[in-house]
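To start, the structure itself, in structure tokens.
The values are calculated or read from the model by the stated rules, or taken from the named source; none is laboratory data. Remember, predicted model here, so these are calculated numbers, not experimental data. When we count neighbours, we look across all protein chains shown, and the Cβ atoms used for this are built from the backbone with ideal geometry, even at glycine.
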Amino acid sequence: MSVLEVDGLTKKFGGLVAVDDFSFEVGEGEIVGLIGPNGSGKSTVFNCIMGIYGVTDGAIRFNGTDITDDSTHEVVNKGLSRVSQESNPIDSMSVAGNIKLFTLPNSIVSLRGGASEEEIYDYAARIDIEEHLHEMPDELPHADVRRLEIAKSLATEPEMMLLDEPFAGMNQAEITELADQIERFREQGMSMVVVDHNMGGLMDLVDRIVVLNNGDFLAEGTPEEIAENEQVQEAYLAGEGL
Amino acid sequence: MSSETDTGRGIGGRVSGAAGRVGGAAVDGLSTVTEPVDRALRPIATVYNRTLGGYFGEMNGLQFVLLVGAFLGLVTIPFWGNYTLVQATWLACIWGIFAMSWDIQSGYTGYISFGHSVLSGGAAYTTAMLLNNVNAELPMRITIPISVLIALIIGLAIALPSLRLSGPYFSLITFVAVLIFYRLIRPLSEYTGGETGLGGIETVYSTDPVMRTYAFMIPMLLIAAALLIVARSNIGLILVAIRENESAVEAAGINATKFKIWSFVLSSIPMGIGGVLLAHRFGTVTPGAFVVVDNSIEMIAMAVVGGMGSILGPLGGAFLVIMLEDVVLSGFESEIKWSILWLIVLLILVFARDGLFRKLWHGLDRLGGDRR
């Protein structure tokens, strides 16, 4: 059964159609790559799923529940979490504090609560930043700031994660390491959608790739099929190639 | 004020860089003297940290002495202060309530309100109008709750439509709310008393001389304790996170709008209490003393002087400003006095943007040497 269903999603900004009648599904424990040239609408799809943008048309379901009109915190509390493209930690709070924020209950009368120090350590350890818990985010190297974003997402105890360009700005060694960690999440039963504009980091990681071009569905298949697909190659010719 | 909650330092720490290094050398020299003092006091502070520290924030020996000393000095003021000082203390307690109330909403969430005097003014006018238009015999146990409730309703009426807006729009709406309130007083003078205001409110002078001070001080201390507990809890953490990065709060599964409205509730109730106390301080409610937008700006000034986003900083700021105004500078005529006061505020804004009491607090933290 599909965990996430995006059905006929359309998003218009004024006269501009950013996403046009786009559908895809993600099954339990699956890692799906969502690729497309820059500006093809990948992040817009994520923003619509997460309730950051209202959709123009179409429906989004998570575990069979309609979440099309939910706001961001409602989507998160249903078990869907997004690691955004931009790193935006709170600079005045330590790494541990940033993770803790993501465990706090959404209740105006809850004075205490949230994760214990051990639980925060565990979230950090799942992505290997437990050494940095007491450092401030602006003291961390780029790759660790990206990992902090993933730790925050893990702290909301998601069933599914949406990873938006997780490998951006990383060197090859860091990409390999992160891909291994993402693979481990899958072994723990997490479903994932990984957005990237090229297939480099995704080839060995994902089960299936969905290609988006100019807001439209272009192709779908295994990484090998997509790499061979002529339509996909053409779409990328104008850009930087696969 | 543990490091976890005193989150302003991240921003301010960088601003005061160079000056901090020069001062740092002096502090390091001083700490050879103060460290033993801190060590001697630490056992008492440790008892506090283990029992109440979790609610109000942990501190070292020196910080503990500063706070307990200030507290004892304050509660004994009727016994050692002269009349000028005691009277200034009444007002400082009320303005302390205003500054702390402003802080839990504006200082913590970063949604700066320029219109908080509409809340205190609304409560004060409710008390006055109930006594003048309904029944002059109404007891305080009826007028006070109604007045605080009205402040809360005004607060929600401002917060619900405006907190979805960001940036200057929220601030402008709060500002306009005061202007509307102020301008409505004259056309409705049949009920509001117009420019001369409404009298007939029982004043503090009808109570026992010693109890007069506590009539203002006890509410202030209770509000300070309540707001501190909130500010040092998850709620304070979330409010600060809203100030620093609202979208991260939503991504954490937390409804940021709900918490922003809650901060306005937490602010409106004590603002109402302060407004009622001010009405009973003077016995007469006038637009000039209770509503005018200058009042809102003075609350902000007090909070900034003390250190916004810390509850106790704004409280200290209120005492500092009122003591300067009513005791230290009381010889000057009003215009000169306020020019000097605003100049001081300006200097603090330029040279100690974190606020004086936050600076003092962190200074004591360093003087105390390593904790534990």
Selection status of residue A:58, in contact with a strand residue (DSSP E or B) (Cβ under 7 Å, 6 or more places away or on another chain), surrounded by fewer than 23 Cβ atoms within 10 Å (Cβ to Cβ), under 23 Å from residue B:235 (Cα atoms) and more than 8 Å from every other protein chain (Cβ to nearest Cβ): no
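Which residues, counting only those in segment B:209-258, are among the β-branched types (Val, Ile, Thr), touching a Ser or Thr at 6+ places or on another chain (Cβ under 7 Å) and more than 9 Å from chain A (Cβ to nearest Cβ)?
If the condition is that a residue be among the β-branched types (Val, Ile, Thr), touching a Ser or Thr at 6+ places or on another chain (Cβ under 7 Å) and more than 9 Å from chain A (Cβ to nearest Cβ), then B:213, B:242 are the ones that fit.
Please count how many residues of segment B:327-342 are among the aromatic types (Phe, Trp, Tyr) and under 22 Å from the mean Cα position of the chain (by Cα).
Restricting attention to segment B:327-342, the residues satisfying the condition of being among the aromatic types (Phe, Trp, Tyr) are B:332, B:338, B:342.
Then keep just the ones that are under 22 Å from the mean Cα position of the chain (by Cα); that gives B:338, B:342.
The qualifying residues number 2.
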Tally of residues being of a type outside the set (Gly, Ala, Ser) and either more than 20 Å from residue B:270 (Cα to Cα) or without any contact (Cβ under 8 Å) to a residue 60 or more places away in the chain (or both) across segment B:222-236: 3
Test result for residue B:273, modelled with pLDDT of 95 or more and either buried (at least 22 other Cβ atoms within 10 Å of the Cβ) or at the interface with chain A (Cβ under 8 Å from one of its Cβ atoms) (or both): yes
In segment A:65-81, residue nearest to residue A:170 (Cα to Cα) [restricted to those that are more than 8 Å from chain B (Cβ to nearest Cβ) and in contact (Cβ under 8 Å) with a residue 24 or more places away in the chain]: A:80
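Specify which of the listed residues (B:56, B:71, B:98) is at pLDDT 70 or above, more than 14 Å from chain A (Cβ to nearest Cβ) and surrounded by 20 or more Cβ atoms within 10 Å (Cβ to Cβ).
Working: B:56 fails: more than 14 Å from chain A (Cβ to nearest Cβ); B:71 fails: surrounded by 20 or more Cβ atoms within 10 Å (Cβ to Cβ).
Selected residue: B:98, the only one of B:56, B:71, B:98 that is at pLDDT 70 or above, more than 14 Å from chain A (Cβ to nearest Cβ) and surrounded by 20 or more Cβ atoms within 10 Å (Cβ to Cβ).
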